Structure formats: structure tokens, C-alpha cells
Amino acid sequence: MPYILTLVFLVVLFLVALRKEEIIKSQNIMNYSPLTIATYFLEKDQYKTITPMKIIKLVYIAHGWYMALKDGNALINEKAEAWKYGPVIPTLYERFRNYGNKVIDSKPQIDISTISQEDKEVLDDVWNNYGNKSGIQLSGKTHEPNTPWSKVWEKAKETTRKEDLIIPNELIMQHYKNLLLVK
């Protein structure tokens with residue numbers, strides 16, 4: 001009898017583990033480099049209107065909406081930082097800063113086919129709602145009072161410690177979840 005109970009317990013444990021793995025696979029949880037998401041937006045725009053400021057803000061906003069809609073799962077694998085002029089994703093700033101305020105007209109050699117169809121739907125929604133706005137307009141949205149950037153910047157603007165400038169994903173997610181409630 002103890003052997004049968006042990007065997008039943010092991011089978012149940014195996015089935016629970018298998019189900020958990022299926023759930024994780026079905027959720028297709030993945031995060032991307034910021035440059036992958038930027039390239040997706042650049043290709044949607046066909047390299048016509050996106051400046052460095054606009055791409056940084058679009059990726060940041062997409063990251064926020066994604067977390068709000070996907071139970072806190074991050075879209076990008078890098079933390080946003082609170083800089084003097086708004087939220088910045090450092091690798092995007094470094095990659096595109098040479099354009100200044102000009103349109104980004106070169107295609108990064110990034111494979112965007114890794115973006116799942118479900119994630120593209122979120123990105124398309126962000127594009128449809130924000131893609132027609134300028135970098136200045138998007139910057140205005142991210143600079144409003146009580147945004148994640150404003151909260152972190154107020155505390156960290158006098159610091160020299162880089163870690164004080166990181167905008168926590170939890171703060172970004174909560175902000176966009178609150179925007180969902182307003183809509």
C-alpha cells in the first residue's frame with residue numbers, strides 16, 4: 001500500500017510540473033532588447049518621422065503598457081532611468097544620440113521576427129495611439145506630475161549614484177495600470 005501511495009504521489013507531482021510548464025509556454029513570456037522594440041517601431045514608420053527622443057519615449061511607453069497588460073512581465077530587458085530630460089533607456093540613447101533631433105534614417109541590423117504575434121499586437125496598439133505624436137509630445141506625457149519619471153527624478157536629481165536613477169518596473173507598471181482605469 002505505501003508503494004502505491006508513493007507512486008500516485010509521484011504521478012500527481014509529475015502532472016502538476018508538466019501543467020506548469022505548459023502554462024509558461026502558452027504565456028510565451030519573453031522580453032526583448034530595447035533595440036529590437038525600437039527597430040519594430042522604426043520599420044512600422046518606414047524611417048520617416050522617428051527621432052532619438054521619439055524612439056526612446058515610444059519604447060518606454062510600450063514597456064509600461066506591456067507590463068500593465070501582461071501582469072507585470074517586462075517587455076524589455078533593460079531598466080529605464082530618470083535623466084534630467086525624462087525617462088531614458090541608456091542603450092537606445094547611446095545607439096541613436098548621433099542623430100541629435102534628426103530623423104533616424106538607418107536600419108539597425110536587428111531581427112524583429114523574434115517578437116511574438118501577441119507581443120506585436122501590444123506594440124501595434126502603442127503605435128496606433130502614440131506613433132503620430134512627436135518626440136516633444138511624448139516627452140510631455142512622460143514628464144507629467146506623478147509619472148514614474150517625476151517621482152524618481154525628484155528623489156534622485158541631486159545624486160551621483162546611477163542606481164538612484166533607475167525607474168523601478170513596478171512603478172512604471174502601476175502608472176500604466178492606473179491609466180487603464182481612467183480609460
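The values are calculated or read from the model by the stated rules, or taken from the named source; none is laboratory data. Here the structure is a predicted model, which means the values were calculated and not measured. Because the Cβ atoms are built from the backbone with ideal geometry, glycine has one as well, and the counts that use them run over all protein chains shown. Side chains included, ligands, DNA and RNA excluded: accessible areas come from the protein's heavy atoms. Shrake-Rupley method; radii C 1.70, N 1.55, O 1.52, S 1.80 Å.
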Complete set of residues in the range 58-74 that are part of a helix (DSSP H, G or I), out of contact with any strand residue (DSSP E or B) (no Cβ under 7 Å at 6 or more places or on another chain) and of a type outside the set (Val, Ile, Thr): LEU58, ALA62, GLY64, TRP65, TYR66, MET67, ALA68, LEU69
Regarding the range 126-148, can at least one residue be identified that is over 16 Å from GLY64 (Cβ atoms), surrounded by 19 or more Cβ atoms within 10 Å (Cβ to Cβ) and touching a strand residue (DSSP E or B) at 6+ places or on another chain (Cβ under 9 Å)? no
Subset of the range 159-177 [assigned to a helix (DSSP H, G or I) and modelled with pLDDT of 95 or more]: ASN169, GLU170, LEU171, ILE172, MET173, GLN174, HIS175, TYR176, LYS177
Looking only at the range 135-152, decide whether some residue is charged (D, E, K, R), in contact (Cβ under 8 Å) with a residue 60 or more places away in the chain and more than 17 Å from ILE55 (Cβ to Cβ). no
Got a sec? Which of ILE76, ILE61 is surrounded by 23 or more Cβ atoms within 10 Å (Cβ to Cβ), of a type in the set (Val, Ile, Thr) and under 10 Å from the mean Cα position of the chain (by Cα)? ILE76
ILE115 fails exactly one of (1) farther than 17 Å from LYS57 by Cβ; (2) open to solvent by 30 Å² or more (accessible area, probe 1.4 Å); (3) not hydroxyl-bearing (Ser, Thr, Tyr), namely (2)
Here is a check on your reading of the model: is GLY100 in contact with a Pro (Cβ under 8 Å, 6 or more places away or on another chain), surrounded by fewer than 14 Cβ atoms within 10 Å (Cβ to Cβ) and in contact (Cβ under 8 Å) with a residue 40 or more places away in the chain? yes
